[in-house]
Amino acid sequence: MSLVAEFLGQLTLNVGVEPTYPTVLPARDVDPDRDAARIETAIKTKGVDEQTIIDILTKRTYSQRREIAFAYERRAKKDMISALKGALSGSLESVILGLMKSPSQFDASEIRGSIKGLGTDEETLIELVCSRSNSELVEIKRVYKELFKKDVEKDIAGDTSGNFGKLLLALVQTKRADPSAMVDYERIDQDARALYESGVKIKGTDVPTWISIMTERSVPHLQKVFDRYKSYSPYDMQESIRKEVKGDLQNSFLVLVQCIENKQMFFANRLHEAMKSKGAKEKVLTRIIVSRCEVDLRKICTDFKAQFGQSLQRTISEHTKGDYQKALLSLCGPEE
């Protein structure tokens with residue numbers, strides 16, 4: 001095999017993998033037995049020693065936390081998650097129990113929570129489905145079935161309707177193409193023109209065309225499509241969406257386009273929104289920080305500071321308090 005062919009093979013292998021920027025990295029020289037003993041003591045302490053629980057569990061990766069949970073069960077002859085549930089409460093409990101789930105278990109539970117019971121929490125459902133990569137969605141579907149004995153597609157279909165439902169289902173069907181090392185300029189131009197001709201150019205919107213292009217093309221391809229789109233349309237893609245569609249469908253397309261253009265900036269904006277007024281929307285804060293700390297939270301912190309002129313850590317300090325604040329700041333890591 002020539003060196004060029006070998007290089008292109010490597011490029012193709014790596015090109016489909018999203019880069020990661022975690023703030024929570026594997027802790028070195030960890031002893032799960034020692035950690036489990038410290039957590040057991042912290043839970044048994046009068047009034048509960050929350051600080052020790054935070055110090056340990058926010059500074060270990062999910063796989064390390066699992067090892068601690070196994071060690072705890074061997075020691076205490078009981079389940080660590082149940083023990084934590086009994087010892088903690090409120091927002092801190094949500095963070096710590098969230099950390100004891102794998103990323104896909106956490107996402108699957110959040111999706112289930114957003115469609116179970118009376119009314120749908122569309123905002124959460126849209127954020128989760130529109131911001132996750134193909135590989136993440138494949139894993140979420142598998143885990144959802146395992147946890148709830150139901151298909152996530154069927155649950156979403158039963159809880160949404162119209163083009164909004166069709167868009168979410170198209171994403172969950174994970175037909176998005178993998179990124180390619182080759183750039184197809186002709187296809188980029190065709191897709192950009194098709195988005196324009198099925199939207200801004202005509203009266204009404206040919207939504208199925210928008211759905212198929214935005215859910216089936218690779219992310220790098222779509223970034224170039226949205227760029228090319230500006231040479232056809234007087235508006236950029238986000239402005240076009242605002243003009244063409246309304247309600248949940250508009251919100252879904254906007255989240256999708258924002259995540260394709262810069263996923264970490266999308267999350268930075270969501271965090272800013274959650275802390276804009278007095279107090280904070282703790283559910284949103286918890287969900288984003290817990291679900292992204294082993295994925296891309298470091299870049300979210302960088303983008304947050306670039307966009308809003310103040311660090312995410314400082315903003316969290318101003319809008320939260322107590323052990324909840326300590327846990328979030330520990331997951332974000334030090335300011336860079």
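The values are calculated or read from the model by the stated rules, or taken from the named source; none is laboratory data. Everything numeric in this text was worked out from a predicted model, so none of it was measured. Don't worry about glycine lacking a Cβ; one is built from the backbone with ideal geometry, like all the others, and counts go over all protein chains shown. To get the accessible areas, we keep the full protein, side chains included, count just its heavy atoms, and leave off ligands, DNA and RNA. Shrake-Rupley method; radii C 1.70, N 1.55, O 1.52, S 1.80 Å.
For segment 304-325, filtering for residues that are farther than 26 Å from residue 49 by Cα and open to solvent by 20 Å² or more (accessible area, probe 1.4 Å) leaves 6. Per the listing 184, 248, 236, the residue uniquely out of contact with any Gly (no Cβ under 7 Å at 6 or more places or on another chain) and more than 26 Å from residue 304 (Cα to Cα) is 184.
Criterion first (of a type in the set (Ser, Thr, Tyr), within 30 Å of residue 248 (Cα to Cα) and touching a Leu at 6+ places or on another chain (Cβ under 6 Å)) does residue 104 satisfy it? Full working, then the answer.
Working: of a type in the set (Ser, Thr, Tyr): yes; within 30 Å of residue 248 (Cα to Cα): yes; touching a Leu at 6+ places or on another chain (Cβ under 6 Å): no.
So residue 104 fails the test.
Residue-wise test of (1) among the hydroxyl-bearing types (Ser, Thr, Tyr); (2) under 26 Å from residue 18 (Cβ atoms); (3) not in a helix (DSSP H, G or I).
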residue: 187; (1), (2), (3): no, yes, no
residue: 202; (1), (2), (3): no, no, yes
residue: 205; (1), (2), (3): yes, no, yes
residue: 208; (1), (2), (3): no, no, no
residue: 214; (1), (2), (3): no, yes, no
residue: 227; (1), (2), (3): no, yes, no
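When residue 85 is tested against (1) without any contact (Cβ under 8 Å) to a residue 24 or more places away in the chain; (2) in contact with a Leu (Cβ under 7 Å, 6 or more places away or on another chain); (3) open to solvent by less than 10 Å² (accessible area, probe 1.4 Å), just one condition goes unmet, and that condition is (3).
Of all the residues in segment 15-62, those that are within 30 Å of residue 176 (Cα to Cα) and either open to solvent by 70 Å² or more (accessible area, probe 1.4 Å) or without any contact (Cβ under 8 Å) to a residue 24 or more places away in the chain (or both) number 5. If the condition is being more than 17 Å from the chain's Cα centre (by Cα), part of a helix (DSSP H, G or I) and free of Cβ contacts under 8 Å to residues at least 40 places away in the same chain, then segment 295-312 contributes 305, 306. The test for being over 19 Å from residue 34 (Cα atoms), modelled with pLDDT under 95 and not basic (Lys, Arg) does not hold for residue 107. Based on what the data block shows, is residue 111 open to solvent by 50 Å² or more (accessible area, probe 1.4 Å) and either in contact with a strand residue (DSSP E or B) (Cβ under 8 Å, 6 or more places away or on another chain) or hydrophobic (A, V, I, L, M, F, W, C) (or both)? It is false that residue 111 is open to solvent by 50 Å² or more (accessible area, probe 1.4 Å) and either in contact with a strand residue (DSSP E or B) (Cβ under 8 Å, 6 or more places away or on another chain) or hydrophobic (A, V, I, L, M, F, W, C) (or both). Please tell me if residue 142 is of a type in the set (Lys, Arg) and more than 18 Å from the chain's Cα centre (by Cα). Considered against the rule, which asks whether it is of a type in the set (Lys, Arg) and more than 18 Å from the chain's Cα centre (by Cα), residue 142 comes out as no. Checked against the criterion of being closer than 29 Å to residue 63 by Cα and open to solvent by 30 Å² or more (accessible area, probe 1.4 Å), the candidates 166, 101 yield just one match: 101.
The single condition from (1) within 17 Å of residue 283 (Cα to Cα); (2) more than 20 Å from the chain's Cα centre (by Cα) that residue 115 fails is (2). Just one of the listed residues (94, 89) is within 30 Å of residue 262 (Cβ to Cβ) and of a type in the set (Gly, Ala, Ser), and it is 94. Residue 174 falls short on exactly one of the conditions (1) in contact with a Leu (Cβ under 8 Å, 6 or more places away or on another chain); (2) part of a helix (DSSP H, G or I); (3) touching a residue at least 24 places away in the same chain (Cβ under 8 Å), and that condition is (2). So for segment 131-144 (the condition being over 16 Å from residue 215 (Cβ atoms) and open to solvent by 50 Å² or more (accessible area, probe 1.4 Å)), does at least one residue qualify? Taking every residue of segment 131-144 in turn, at least one turns out to be over 16 Å from residue 215 (Cβ atoms) and open to solvent by 50 Å² or more (accessible area, probe 1.4 Å). Note on segment 171-218: residues that are in contact with a Pro (Cβ under 9 Å, 6 or more places away or on another chain) and open to solvent by 50 Å² or more (accessible area, probe 1.4 Å) amount to 2.
What number of residues in segment 267-283 are within 18 Å of residue 299 (Cα to Cα) and open to solvent by 10 Å² or more (accessible area, probe 1.4 Å)? Residues that pass the stated criteria total 4. Scanning segment 58-85 for residues that are of a type in the set (Lys, Arg) and assigned to a helix (DSSP H, G or I) turns up 65, 66, 74, 75, 85. Within segment 219-231, the set of residues being open to solvent by 50 Å² or more (accessible area, probe 1.4 Å) and hydroxyl-bearing (Ser, Thr, Tyr) comprises just one member, 231.
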